[in-house]
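Working notes, beginning with the structure itself.
The values are calculated or read from the model by the stated rules, or taken from the named source; none is laboratory data. Treat the numbers as computed from the prediction; the structure is a model and nothing was measured. Note that each Cβ is placed from the backbone with ideal geometry, even for glycine, and that neighbours are counted across all protein chains shown.
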Amino acid sequence: MKISILASNIERLINRVIILLNRSNFSLIYLNISYAKKPYIMRYTLEVKCTEVSIDKIAKQIEKHLGIISILYY
Amino acid sequence: MNIKKYKGSEILVKNLLIERVEYLFGYPGGAIMSVSDSLDRHAGHICHILTRHEQGAIHAAQGYARVSGKVGVCISTSGPGATNLITGLADALIDSTPIICITGQVSYNLLGTDAFQETNILDISFPVTKWNVQIPRAQDICQTIRKSFFIARSGRPGPVLIDITKDAQLQEAIFEEILFHKVSYFRSCPKVEVNKIEEAAILINAAKRPLILVGQGVILAEAEEELKALSEKANIPIASTLLGIRDNNHPLFVGMIGMHGHYAPNVLTNQCDILIAIGMRFDDRVTGNINIYAIQAQIIHLEIEACEIGKNIPCDVPVLGDCKKTLPLLTERVQENIRQEWISDFITIQKQEEKIGQKDLYTKKESLTMGEIIQWINQYKNKNAVMVTDVGQHQMIASRYFYFSSSKSQITSGGLGTMGFSLPAAMGAKFGARYRQIICVIGDGGFQMTFQELGILLKNNLPIKIVLLNNGFLGMVRQWQELFFKRRYAFSALLNPDFIRLAQAYNISGKKIEKRKKIPEAVKEMFDCNTAYLLEIIVEREYNVFPMITIGTYGDEIRLY
Ligand SMILES: Cc1ncc(C[n+]2csc(CCOP(=O)(O)OP(=O)(O)O)c2C)c(N)n1
């Protein structure tokens with residue numbers, strides 16, 4: 001599954017995202033962090049091994065964290 | 001113009017005062033000394049309670065928060081002081097307790113050098129905090145402290161850790177009062193969707209056998225009256241989780257659900273047609289096997305956190321939002337109803353349960369049961385007493401038999417099941433509710449995890465009542481060994497010290513009781529005493545808590561004996 005997250009540029013926010021993925025033993029295949037078009041906004045692009053049902057639950061948990069603007073997965 | 005500047009630690013304390021922090025629990029050390037010093041300078045307005053271990057400090061802050069509804073605050077130094085907070089953070093996160101932990105940190109330029117007492121507490125505490133942050137400069141203190149309090153108490157409350165470097169405590173900066181109503185990119189409380197409430201009301205109005213399950217969410221939202229209004233209007237029985245609301249004076253409260261819960265609500269969960277879950281999260285100790293849990297029922301879930309909906313149990317109608325707001329909207333839309341038959345089902349099963357209770361409360365055996373002691377406590381306690389329990393058999397028995405008659409009356413470690421929680425939490429609770437009686441029910445195992453906190457009583461006269469139910473075992477572990485491990489009591493028997501002499505060493509009066517006829521007098525004496533008191537009661541060694549829903553690999557059924 002691919003996950004695309006828009007987030008404000010808070011330090012260590014990516015840690016929270018990865019910890020949530022780790023907790024459910026999703027293996028991370030790819031991770032990229034880059035500036036998005038707007039200032040102070042970052043884009044995380046991830047690819048993980050997991051099922052659609054499980055990503056659905058984790059996405060909601062990621063979304064509630066302070067600094068996460070939006071999350072998409074496909 | 002000359003703008004006055006203050007030391008970072010001074011600014012920190014000023015912010016705590018603005019947040020109306022009256023008590024904080026802590027332990028000093030090298031990296032937090034400047035803050036301790038500033039706190040001492042403001043001793044008339046803010047009271048620093050010295051615990052004997054940082055775990056004690058955080059549990060005390062939790063007890064304070066749970067009983068008062070305010071944010072609990074604790075402080076500790078860097079390194080070992082910070083790591084000692086982890087258990088409490090995990091406990092507060094899973095039990096949604098609003099607390100702020102302030103930890104010292106080595107100076108900014110020493111970060112990453114393995115400096116003395118440096119530990120990377122931010123990365124360690126990520127999974128166990130709602131939010132955490134480091135303050136490396138004094139000028140950031142005002143903003144960060146106010147923001148942290150806002151986050152800790154908003155939405156579903158939780159613990160926030162603030163790590164403040166030594167140099168930030170010493171630098172000078174300007175103090176400014178910042179107001180916080182909103183943090184950007186933070187969904188603290190979802191918007192209420194009225195169409196979902198209407199959908200829920202239609203289901204409830206058509207239901208013959210609806211059941212409400214409440215969790216701690218209703219207490220945190222202070223929505224008890226709103227809950228009762230809904231239940232009374234439509235005559236819907238209310239069952240509660242371990243941390244939920246209980247009111248023994250109210251006929252519609254039918255007891256506790258879960259592994260060791262009351263029999264009637266547990267049995268009838270599997271017969272109801274609509275399950276209205278409010279501020280609870282379908283923990284596995286509540287549901288047992290989710291494949292057979294309430295599969296006949298449609299589920300309405302009132303929740304503040306979107307990720308809890310459908311997490312464990314599929315939900316038919318999600319009602320997101322603060323239940324203080326959603327409950328009245330729902331009550332407006334449900335019709336009055338009598339539901340005589342459904343209510344009488346509860347009464348019938350409750351009668352059957354009383355028979356099980358006979359064994360606990362009126363035993364014919366010589367040895368004492370935990371249940372009969374709770375019964376005597378009910379007899380002599382104040383009406384609005386707060387019961388703080390530890391973790392184990394006594395916790396389940398106390399929650400089952402304690403007579404609840406006012407709100408915020410039970411404090412216990414629910415989600416994490418932290419042994420050693422209760423003694424410091426009881427002390428914190430006494431600071432949070434000076435005029436309520438605090439009863440700490442604790443096992444011989446849990447007592448020995450944090451009894452160093454009796455030291456708090458040396459300086460502070462806190463008349464808390466400690467009831468130590470001594471069975472000479474880690475009782476809950478022994479019960480499982482008896483049931484599932486062929487009675488091999490591996491490492492669960494305890495060789496205990498003389499608890500009464502231990503209490504005496506801390507100037508605490510106490511008594512040890514072994515005979516049934518001595519109990520009433522001893523319990524009365526404990527409550528009459530106007531200082532702290534330890535009542536140790538020797539109870540049956542190999543007693544089992546039933547009914548019990550055995551879960552998972554052990555099969556799924558309610559065992560009555
Ligand atoms: C910190 C911690 N360690 C271990 C456990 C596992 N545990 C759960 S209940 C229990 C026994 C508790 O014994 P005791 O305090 O004597 O209470 P009793 O069950 O006898 O009432 C243990 C060891 C726990 N919950 N918490």
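For this structure, a couple of remarks:
- Qualifying residue in region B:321-339 (condition: among the small types (Gly, Ala, Ser) and without any contact (Cβ under 8 Å) to a residue 60 or more places away in the chain): no
- Count of region B:433-443 residues which are of a type outside the set (Gly, Ala, Ser) and either buried (at least 24 other Cβ atoms within 10 Å of the Cβ) or within 15 Å of the chain's Cα centre (by Cα) (or both): 5
- Contact map, region B:454-478: first residue over 24 Å from B:Gly428 (Cβ atoms), second residue within 16 Å of the ligand (Cβ to nearest atom) and basic (Lys, Arg), Cβ cut-off under 6 Å, separation 6 or more or different chains; pairs are B:Asn471/B:Arg541; B:Gly472/B:Arg541.
- Check on B:Gly357, within 13 Å of the ligand (Cβ to nearest atom) and closer than 17 Å to B:Val539 by Cβ: no
- All helices (runs of 4 or more DSSP H) inside region B:41-115 with 2 or more residues being in contact with a strand residue (DSSP E or B) (Cβ under 7 Å, 6 or more places away or on another chain) and of a type outside the set (A, V, I, L, M, F, W, C): B:54-68
- Taken together, B:Arg478, B:Arg488 contain a single residue that is crowded, with 22+ Cβ neighbours inside 10 Å, more than 14 Å from chain A (Cβ to nearest Cβ) and within 16 Å of the ligand (Cβ to nearest atom), which is B:Arg478.
- Qualifying residue in region B:458-475 (condition: farther than 19 Å from B:Ile500 by Cβ, among the β-branched types (Val, Ile, Thr) and more than 16 Å from the ligand (Cβ to nearest atom)): no
- Qualifying position, being modelled with pLDDT of 95 or more, surrounded by fewer than 24 Cβ atoms within 10 Å (Cβ to Cβ) and within 25 Å of the chain's Cα centre (by Cα), among B:Pro497, B:Pro520, B:Pro463: B:Pro463
- Residues that are within 16 Å of the ligand (Cβ to nearest atom) and either at pLDDT below 95 or over 14 Å from the mean Cα position of the chain (by Cα) (or both), drawn from region B:377-395: B:Ile377, B:Gly392, B:Gln393, B:His394
- Those residues of region B:328-342 which are closer than 12 Å to B:Ile236 by Cβ and crowded, with 16+ Cβ neighbours inside 10 Å, in sequence order: B:Leu330, B:Thr331, B:Val334, B:Asn337, B:Arg339, B:Trp342
- Only residues that are touching a residue at least 60 places away in the same chain (Cβ under 8 Å) and within 12 Å of another protein chain (Cβ to nearest Cβ) were counted in region B:152-186, giving 6.
- Elements of type strands (runs of 3 or more DSSP E) in region B:127-174, at least 1 residues being of a type in the set (Ser, Thr, Tyr): B:159-165
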